[in-house]
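Everything below concerns the one structure shown next.
Here, each number is a calculation from the coordinates, and none is a lab measurement. What you see is a predicted model, and the numbers here were worked out from it, not measured in a lab. Please note: Cβ atoms are built from the backbone with ideal geometry, for glycine as well, and neighbour counts cover all protein chains shown.
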Amino acid sequence: MSDQGSVFLVSGASGNLGQSVVAALAAQGARVVAADRRDARAGPDVALGVGGVDFLDPAACDALVAQALERFGRLDGVAHTVGGFTMVAAAEADPEAWERMFRLNLITTANLFRAALPPMRAAGRGSLVAVAAGAALSAGTRLGPYAASKAAVLRLVDAFAAETKAEGVRVNAVLPGTMDTPQNRAAMPRADTSRWVRTGEVAQAIAFLLGNGASGVTGAALPVTGRG
């Protein structure tokens, strides 16, 4: 089955990964709702741009989904790329660091997925994809709050997948390694970037999980680590 004409919502669409996901989905012929806390993204790949969305606010997520449904009458999938990162030793992290990571990585995911579920359940189909991280499986040093919050995202995906699979909704996650972004290059100037994963590669994995080609896949955690 083709994904031509499907409606996919991408959160964090102005970010490095979000832009790549928008481009990958548009290349497959999908209609993309590009949402971000910053200004709405415009361009030929975007069917609807929605800015000013606070994904920490459940009502804002509800309004975003309602806007997509009003415009297109359907919502086939959601790729949630919003999140946060910090490097701090677990024993040195203050409560604010822990709370911030869980709010940005876990709560935003839960809010948007919860908002998207009713129309998908009603339609008997749909796909939700979260962005976890390789660190969710093995934290390493100075990644405690970040890794713990991304591990929580995986458990959230497990829960949503178990609760919705009988209704035709699929819920999966990608686990990127270090992504080749301007921010990561600036933070790690001596790193071997040839071993990093490209945002376009992560985007292709997300597009696969969203689409009909992954119709039998739910509850999966797909590593996308490049050569790292």
Label-to-label distance, nm, for residues given as R114 and E70 (7 Å Cα→Cβ offset) = 2.2 nm
inquiry  = Which trypsin sites (Lys or Arg not before Pro) in region 177-228 sit in a loop by DSSP (not H, G, I, E or B) and have at most 13 other Cβ atoms within 10 Å of their own Cβ?
reply    = R190, R227
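In the chain, which helices (entire DSSP H runs) extend 18 Å or more along their own long axis, judged by Cα positions, while averaging at least -0.5 on the Kyte-Doolittle scale?
Counting only whole DSSP H runs, the qualifying helices are 58-72, 108-123, 144-164.
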key: P(r) of region 25-153 over all Cα-Cα pairs, binned every 10 Å from zero, in whole percent   = 13, 38, 30, 16, 3
task = Give, to the nearest whole percent, the P(r) tail of region 84-148 beyond 20 angstrom, counting all Cα pairs.
result = 39 percent
message = With a cap of 15 neighbouring Cβ atoms within 10 Å, and only residues DSSP puts in a loop, list the trypsin sites (Lys or Arg not before Pro) found in region 24-86.
response = R38
task = Provide the gained length on full extension for the span E99 to Q4, in nm with one decimal, where the gain is 0.36 nm per separating residue minus the Cα-Cα distance.
result = 30.2 nm
note = Taking the square root of 5λ for each eigenvalue of the C-alpha gyration tensor of region 149-228, the equivalent ellipsoid has semi-axes, largest first and in whole angstrom, of 29, 14, 8
key: the chain - mean residue ellipticity at 222 nm from DSSP helices (-39,500 (n - 2.57) per run, n ≥ 4, rounded to 500)   = -12500 deg cm²/dmol
